[in-house]
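This report concerns only the one structure given below.
The values are calculated or read from the model by the stated rules, or taken from the named source; none is laboratory data. Here the structure is a predicted model, which means the values were calculated and not measured. For neighbour counting, all protein chains shown are included, and Cβ atoms are generated from backbone atoms with ideal geometry for every residue, glycine included.
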Amino acid sequence: MSLGLTLDEIDTPALVLDLNAFDKNLDAMASHTAASGISLRPHAKAHKSPWIASQQVERGAVGLCCQKVSEAATFIDAGAESIVITNEIVEISKIRRMTQLALRADVSFCIDSADGLEMYDGLAAESGATLGVFVDLQGGWYRPGATSTEQVLDLAKRVAPFDKLRFCGLQAYNAIAQHIADFDLRLAATVEFCHRVNEAIDALNQAGLESFASGAGTGTYDIDPLHAPFNEIQPGSYVFMDGGYLENMNADGDARTDFEVSLYVLTTVMSCPAPGVAIVDSGTKTVSIGQGMPLVYLPNGEKANIEFLKAADEHGTIDVERHEVSVGDRLLLVPYNVDPTVNLFDEYLGLRDGVVTTAIPVSGRGRSQ
């Protein structure tokens with residue numbers, strides 16, 4: 001058991017959560033949405049934890065986003081009442097499962113094509129369920145989604161007549177802007193995308209259709225709603241922060257301070273084989289490097305003058321020419337991308353004031369279907 005242990009006593013590698021910083025992040029986003037009058041529907045693919053979801057709902061979140069049907073099932077099994085699957089679902093087996101989940105919770109999903117609408121409606125009717133449908137507006141990076149206002153309007157009109165499909169509005173996640181570090185460039189990309197959102201919302205309004213808009217993420221949660229009529233926002237990584245979002249600047253050109261780093265991979269220096277080089281016991285099996293290398297922090301939470309150079313399966317190579325370390329030293333890795341890193345662990349070790357007070361299951365890990 002890990003309860004009561006300090007950082008120096010935890011077996012590594014381990015996924016550790018600073019509960020003090022985590023609480024501040026939850027409270028900051030809850031305060032922002034309450035003050036702005038916008039609903040919060042956080043994306044659960046970031047944390048994959050029903051316990052964390054419960055903390056978000058307690059602070060006013062109206063529901064959750066998920067990316068996969070199996071992921072949605074994990075949260076509905078744990079009591080979630082409202083899920084938007086922010087993805088296109090096309091396989092019959094998944095649609096059948098989704099209709100069963102819709103008997104226990106409000107479940108919606110996304111479309112960017114009229115293909116299969118009759119099948120969705122028929123399978124929902126077989127189950128006695130009703131499925132919510134959002135038209136997905138493409139947000140860049142070769143993602144799915146409708147590419148024009150005309151396509152959005154056509155799809156919305158095609159959904160409306162079905163008995164077991166409920167048109168919910170527009171899914172509008174601006175993927176391309178989330179990690180633009182320069183504020184002015186991020187703002188420009190957001191304004192450009194929001195112009196498309198506004199056009200689509202106006203067209204839906206004129207047609208007398210649902211004009212609800214859901215979108216935005218941790219990188220643009222405070223910008224998107226200023227330029228388009230978003231009803232709810234979908235940030236996920238704000239609960240932890242990561243190396244990618246830490247690169248984003250505010251309007252003054254300084255590092256953003258609206259959220260704190262709360263999630264780390266605790267690792268141990270296991271070898272110092274050459275001057276200026278050390279090896280830690282955390283590699284690709286415990287920290288994702290697909291979008292960038294992790295940042296290295298000291299146990300006190302300060303960023304270290306250490307560069308994570310490369311990773312093998314079980315080992316990470318770090319440059320310690322500018323910061324001396326010894327075998328047995330503990331370091332904290334801040335993943336560049338938290339979502340796939342969380343997916344590598346069975347649990348978070350939650351620390352309060354440096355002591356493990358809780359172990360939190362990552363119940364949604366590996367839910368790729």
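To keep it simple, each residue is scored yes or no on (1) among the basic types (Lys, Arg); (2) assigned by TED's automatic domain parsing to the domain that holds residue 234; (3) assigned to a helix (DSSP H, G or I).
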residue	(1), (2), (3)
83	no, yes, no
93	no, yes, yes
103	no, yes, no
119	no, yes, yes
129	no, yes, no
133	no, yes, no
144	no, yes, no
158	yes, yes, yes
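Of the set (1) out of contact with any Phe, Trp or Tyr (no Cβ under 6 Å at 6 or more places or on another chain); (2) part of a loop (DSSP other than H, G, I, E, B); (3) buried (at least 21 other Cβ atoms within 10 Å of the Cβ), all apply to residue 235 but (1).
Looking across segment 346-362, the residues that are surrounded by fewer than 19 Cβ atoms within 10 Å (Cβ to Cβ) and part of a loop (DSSP other than H, G, I, E, B) come down to 346, 353, 354.
Comparison of 283, 366, 292 shows that the only residue that is part of a loop (DSSP other than H, G, I, E, B), crowded, with 17+ Cβ neighbours inside 10 Å, among the small types (Gly, Ala, Ser) and outside the structural domain of residue 87 (by TED's automatic domain parsing) is 283. Per this entry, residue 109 is counted among residues that are assigned to a strand (DSSP E or B), among the aromatic types (Phe, Trp, Tyr) and within 17 Å of the chain's Cα centre (by Cα).
Report, by residue number, each residue of segment 127-157 that is out of contact with any Lys or Arg (no Cβ under 8 Å at 6 or more places or on another chain), within 17 Å of residue 94 (Cβ to Cβ) and surrounded by fewer than 21 Cβ atoms within 10 Å (Cβ to Cβ).
If the condition is that a residue be out of contact with any Lys or Arg (no Cβ under 8 Å at 6 or more places or on another chain), within 17 Å of residue 94 (Cβ to Cβ) and surrounded by fewer than 21 Cβ atoms within 10 Å (Cβ to Cβ), then 144 is the only one that fits.
Within segment 253-274, which residues are farther than 25 Å from residue 328 by Cα and touching a residue at least 40 places away in the same chain (Cβ under 8 Å)? Hits for segment 253-274 are 253, 258, 259, 260.
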